[in-house]
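S.K.: Next up is a structure, given as structure tokens.
The values are calculated or read from the model by the stated rules, or taken from the named source; none is laboratory data. Note that the structure is a prediction, hence the values are computed from the model and not measured. Reconstructed Cβ throughout: ideal geometry from the backbone, glycine too, with neighbour counts over all protein chains shown.
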């Protein structure tokens, strides 16, 4: 992997050197927009264990609580204007590419500090062509790998309602947004292969199936500002597993499908204030919802016939921002997720039942106090609970304080970069400790009281 990565970096550098003089002159803004999200920092523990990036939250997706103790992450991107529009009705064509850089073990991303470049992962995140005002004015087409998500609670690092990163093709026209997306079983992140009862594949056959998702969204504006109501519909389908080397036995990897419906209300309250509320429900293989998972992250166990008959996933989100006279901004949220696998699930004879349902919910808020233009103080409170079927309910209370220097002097909850000194206290109940419900507990061991002390910067542009 290291030589391949080194060759890739060298090739990119050579390409930049070989760029024509005219194109290089256009880089400041004529043909290329450079985009970048990132966060870097350090964290300490008395025992010296690596704690940065070890979430204290009670969910596999780390999305039901605060994110101040997150680890290093870099996401540089480029938007290359193949054709720039000369007017609002003119056609424009862009190539969008993004990469993500992170550590496999939660350690420091920099190889200068980490000492082992094999711990660092560099992956393509987006690569797609987007054309606006093609065929007819107002029509946008895109094709490629797209993050394809539009709603998030930033303080949780939680994309909700319509978070469907994937590869496919899409179109936007006025309030209508449609796409055909695919996922494969090539990695855990894009896992769609239903492995129920599947025996080890015959060498070298590896049975992977492609999930196809048909997505339709429609937003209707009304009222003041950007207020709108939005509907969401999804249809997922996975074919029966079969290839030239092997046909699946009855009840193993059958064809399956899933449907999703959702509605979101966005209220523009003026002066940057807003309120978002959404509900989404999915069934069968589109039941992903636990701890903020996407609908294609199928949850739970299949039934005796290998399908997800009766499976269900429910997501409810409330999110708001309230700015008070340039003195303080309050960003709050509430989330609830219920996920259930197939109602036909039955554990094999002689084995213990695996949890086939989960309920998790959380409430939290971050306050940004503007002590001065360049000195802000962040405080954050979170309560979260998680209940896995057949097990006791785990809870956690997190309290954080983070003085932050904001060099730009902007009095806004969105001002970046921020240079933060962070302290977080997390109090777990006994059930959370016994089940090691968070990555922090899995790293540090059983403790009801958890501490994080660190310094971190976050930026975006």
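S.K.: Is at least one residue of region 297-310 under 28 Å from residue 432 (Cα atoms) and modelled with pLDDT of 95 or more?
M.R.: No, every residue in region 297-310 fails to be under 28 Å from residue 432 (Cα atoms) and modelled with pLDDT of 95 or more.
S.K.: Give just the number: which of (1) surrounded by fewer than 19 Cβ atoms within 10 Å (Cβ to Cβ); (2) under 23 Å from residue 90 (Cβ atoms); (3) modelled with pLDDT of 95 or more does residue 174 not satisfy?
M.R.: Result: residue 174 passes all but (3).
S.K.: So which of 336, 352, 362, 346 ends up being more than 18 Å from residue 161 (Cα to Cα) and either assigned to a strand (DSSP E or B) or in contact (Cβ under 8 Å) with a residue 24 or more places away in the chain (or both)?
M.R.: Matching residue, one of 336, 352, 362, 346: 346.
S.K.: Also, I was wondering about something else. Quick test for you: out of 364, 341, 313, pick the one residue that is under 26 Å from the mean Cα position of the chain (by Cα) and closer than 23 Å to residue 267 by Cα.
M.R.: Every option except 364 fails the conditions.
S.K.: Does residue 35 count as under 27 Å from the mean Cα position of the chain (by Cα) and either closer than 30 Å to residue 391 by Cβ or at pLDDT 90 or above (or both)?
M.R.: yes
S.K.: In addition: If you scan region 448-461, which residues turn out to be touching a helix residue (DSSP H, G or I) at 6+ places or on another chain (Cβ under 7 Å) and at pLDDT 95 or above?
M.R.: 448
S.K.: If I go through region 420-435 residue by residue, how many of them are assigned to a helix (DSSP H, G or I) and over 25 Å from the mean Cα position of the chain (by Cα)?
M.R.: The number of residues fulfilling the criteria is 4.
S.K.: Residues in region 104-124: is at least one farther than 28 Å from residue 238 by Cα and modelled with pLDDT of 95 or more?
M.R.: Looking for residues that are farther than 28 Å from residue 238 by Cα and modelled with pLDDT of 95 or more, one finds none in region 104-124, hence no.
S.K.: With respect to residue 323, is the statement that it is under 28 Å from residue 161 (Cα atoms), in a strand (DSSP E or B), modelled with pLDDT of 95 or more and touching a helix residue (DSSP H, G or I) at 6+ places or on another chain (Cβ under 6 Å) true?
M.R.: no
S.K.: Do you know which residues across region 436-461 are assigned to a loop (DSSP other than H, G, I, E, B), surrounded by 19 or more Cβ atoms within 10 Å (Cβ to Cβ) and touching a strand residue (DSSP E or B) at 6+ places or on another chain (Cβ under 6 Å)?
M.R.: Residue satisfying the conditions is 437 alone.
S.K.: Shifting gears a bit: Residue 392 is checked against (1) within 18 Å of residue 291 (Cβ to Cβ); (2) touching a residue at least 40 places away in the same chain (Cβ under 8 Å); (3) touching a strand residue (DSSP E or B) at 6+ places or on another chain (Cβ under 9 Å) and fails just one. What number does that condition carry?
M.R.: The number of the failed condition is (3).
S.K.: Continuing with the same structure: Count, please, the residues in region 109-165 that happen to be touching a strand residue (DSSP E or B) at 6+ places or on another chain (Cβ under 7 Å), touching a residue at least 12 places away in the same chain (Cβ under 8 Å) and in a helix (DSSP H, G or I).
M.R.: The total comes to 3.
S.K.: Shifting gears a bit: For region 281-292, name all the residues that are outside any helix (DSSP H, G or I) and buried (at least 24 other Cβ atoms within 10 Å of the Cβ). Walk me through it before giving the result.
M.R.: Of region 281-292, the ones outside any helix (DSSP H, G or I) are 281-283, 287-289.
282, 287, 288, 289 - these are the residues of region 281-292 that are outside any helix (DSSP H, G or I) and buried (at least 24 other Cβ atoms within 10 Å of the Cβ).
S.K.: Then there is this: Taking region 199-225 as the search range and keeping residues that are surrounded by 16 or more Cβ atoms within 10 Å (Cβ to Cβ) and assigned to a loop (DSSP other than H, G, I, E, B), which one is modelled with the highest pLDDT?
M.R.: Filtering region 199-225 for residues that are surrounded by 16 or more Cβ atoms within 10 Å (Cβ to Cβ) and assigned to a loop (DSSP other than H, G, I, E, B), the one modelled with the highest pLDDT comes out as 209.
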